[in-house]
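Bear in mind that the values in this text are calculations on the coordinates, not laboratory data. Model, not experiment: these values are computed from the prediction. Quick reminder, even Gly has a Cβ in these numbers, built from the backbone with ideal geometry, and neighbours come from all protein chains shown.
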Amino acid sequence: MFSMLYVKRKALESALQGAKETYPDEFIGLLRGEDKEKDTFLTELIIAPLSSYDEDSSSYSPYFIPSNTMEKATFHSHPSPGPAKPSRADRHFFARFGCFHFIASYPFGLGDVNAFDEKGKQIEFAIVD
Ligand SMILES: [Zn+2]
């Protein structure tokens with residue numbers, strides 16, 4: 001069990017910038033990080049080269065499934081205004097991927113982001129510099 005999820009401000013801001021640039025389509029990215037004791041620190045945004053950007057969340061590319069354990073979290077955007085909540089397709093995807101998941105809703109500010117576990121349950125996270 002993890003105790004706290006931390007995400008670097010720069011990584012999260014990069015993801016939100018991606019969401020803004022991709023709007024009104026969905027932006028999808030991965031966050032790389034590491035575990036320190038029971039905490040997880042996400043430090044870097046990775047954009048999967050073959051991920052599909054599509055308003056339909058059910059169309060995740062199989063290439064998007066990460067190949068190593070450094071990838072700890074997913075991030076995607078919803079073009080509709082908040083609060084950010086996982087769709088049914090998102091929940092399926094979360095369960096398959098495991099780990100942590102961020103969803104940002106329009107207009108993609110730091111306050112428009114929610115984090116979820118693999119069951120789609122909202123979890124707390126902290127932004128660190
Ligand atoms: Zn979604």
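Taking each of 10/119; 38/119; 36/85; 20/119; 20/121 in turn, the alpha-carbon distance tops 23 angstrom for 10/119; 36/85; 20/119; 20/121.
Treating r as the C-beta distance of residue 70 and residue 20 and R0 as 22 Å, the FRET efficiency rounds to 0.30.
Modelled label positions at residue 95 and residue 10, each set 7 Å beyond Cα in the direction of Cβ, lie 3.8 nm from each other. The HN-Hα couplings worked out from phi for the stretch 120-126 by the Karplus form 6.51 cos²θ - 1.76 cosθ + 1.60 (θ = phi - 60°) are x, 7, 5, 10, 7, 8, 10 Hz, whole numbers, x standing for Gly and Pro. 3J(HN,Hα) along the stretch 10-22: 5, 5, 5, 5, 4, 5, 5, 5, x, 4, 5, 6, 8 Hz, from the Karplus curve 6.51 cos²θ - 1.76 cosθ + 1.60 with θ = phi - 60°, whole Hz, x for Gly and Pro.
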